[in-house]
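What follows is a set of notes on a single structure, which appears directly below.
The values are calculated or read from the model by the stated rules, or taken from the named source; none is laboratory data. Predicted model only: the values in this text are computed from it and were never measured. Positions of Cβ are generated from backbone atoms using ideal geometry, with glycine treated the same way; all protein chains shown enter the neighbour counts. Quick note on the areas: whole protein, heavy atoms, side chains included, nothing else; ligands and nucleic acids left out. Shrake-Rupley method; radii C 1.70, N 1.55, O 1.52, S 1.80 Å.
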Amino acid sequence: MRILVVEESDSIRSMIRTFMAASGHEVEAVSTGTKGVDAALSRTPDAILLDLNLPGTVDGLEVCRRLRAAELTRTVPIIVISALADDGVKARALEAGATAYYTKPFSPTALLKELESGSGSHPIGR
């Protein structure tokens with residue numbers, strides 16, 4: 001499975017990349033929303049792991065909106081991984097196109113199981 005990780009934090013991005021790659025997945029990891037949109041549209045992933053708080057003008061919600069509007073990525077599962085635990089933020093992420101929402105800290109093992117089972121069957125609350 002090809003996984004795109006869009007995460008601002010170097011340590012979290014590296015941890016996710018290492019864990020997913022050790023599980024046999026191809027992983028591309030970027031640090032900004034703009035790079036995430038570009039990567040997803042140029043090399044369509046099987047799943048996207050997305051932080052909401054990204055530097056620059058393209059935050060995670062905007063990444064979701066742009067990828068849902070694009071034909072190539074309209075149906076790609078987008079799993080948000082965010083420190084924001086507010087139900088309103090979760091609802092906005094789902095409205096923007098997120099498939100599932102994990103709150104940091106999160107279980108990499110649970111995330112991997114969700115990815116490998118088809119992604120996003122339980123959209124709120126981890």
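Taking 22 Å as R0, compute the FRET efficiency from the Cβ-Cβ separation of residue 38 and residue 75 and round it to 0.05. Once the sixth-power term is evaluated, E becomes 0.70.
For the chain, carbon and sulfur atoms together expose 53% of the accessible surface, with a 1.4 angstrom probe and every protein chain in place. Taking a sphere under 12 Å around the Cβ of residue 6 and counting the other residues whose Cβ falls inside, with K and R at +1 and D and E at -1, yields a net charge of -3. Each of the peptides 87-96, 72-81, 43-52 was scored by the mean count of other Cβ atoms within 10 Å over its residues; in descending order, highest first, they stand as 43-52, 72-81, 87-96.
Ellipsoid semi-axes for the chain, based on the Cα gyration tensor and the rule √(5λ), read 18, 17, 15 Å when sorted largest first.
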